[in-house]
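Student: Dropping the structure in here first, questions after.
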Amino acid sequence: MGHYTIITVGCGTYCTFSWVGDLRTGKIISFPIGGEDYPELDIKTAPNSRVVIARWTNYEHSDCIARPYAFDGQRFAQISADRRKGSGCYR
């Protein structure tokens, strides 16, 4: 798994879109979520793991949502339900 990188581009205040780049082939894969619907989106990965955690702030409910995905090198599959944590992601 060590030959992938996350590419993130800002699209406004707390707005981002992300892609995963395969450093061996140059192939670019869209990340399944992004944009204004996922403010302060943060993507966490770990070396040698196929699990990717997306976190974002839900301002409507003042909490943080975390969504786990498995990445198989071609696509992302959500592997469990969203998890909510109070007080936002960064407080």
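Student: I'd like the residue in the range 72-85 that is in a strand (DSSP E or B) and in contact with an Asp or Glu (Cβ under 9 Å, 6 or more places away or on another chain) and, out of all such residues, is modelled with the lowest pLDDT.
Tutor: Looking at residues that are in a strand (DSSP E or B) and in contact with an Asp or Glu (Cβ under 9 Å, 6 or more places away or on another chain), I get LYS85.
Student: Name every residue in the range 1-35 that is surrounded by fewer than 12 Cβ atoms within 10 Å (Cβ to Cβ), part of a loop (DSSP other than H, G, I, E, B) and not hydrophobic (A, V, I, L, M, F, W, C), in order of residue number.
Tutor: Residues satisfying the conditions are GLY2, HIS3, THR13, ARG24, THR25, GLY26.
Student: Would you check if GLU40 is surrounded by 14 or more Cβ atoms within 10 Å (Cβ to Cβ), outside any strand (DSSP E or B) and modelled with pLDDT under 95?
Tutor: Yes; evaluated as a whole, the condition is true for this residue.
Student: Against the condition aromatic (Phe, Trp, Tyr) and part of a strand (DSSP E or B), how does TYR69 come out, does it pass?
Tutor: yes
Student: Restricting to the range 43-91, and then to whatever is of a type in the set (Val, Ile, Thr) and under 21 Å from SER30 (Cβ atoms), can you tell me which residue is surrounded by the most Cβ atoms within 10 Å (Cβ to Cβ)?
Tutor: That would be VAL52.
Student: While we're here: Across the range 47-66, which residue is farthest from GLY35 (Cα to Cα) among those that are among the charged types (D, E, K, R) and part of a strand (DSSP E or B)?
Tutor: The selected residue is ASP63.
The values are calculated or read from the model by the stated rules, or taken from the named source; none is laboratory data. Remember, it's a predicted structure, so these values are computed and weren't measured experimentally. Cβ coordinates were reconstructed from backbone atoms using ideal geometry, including for glycine residues, and neighbour counts include every protein chain displayed.
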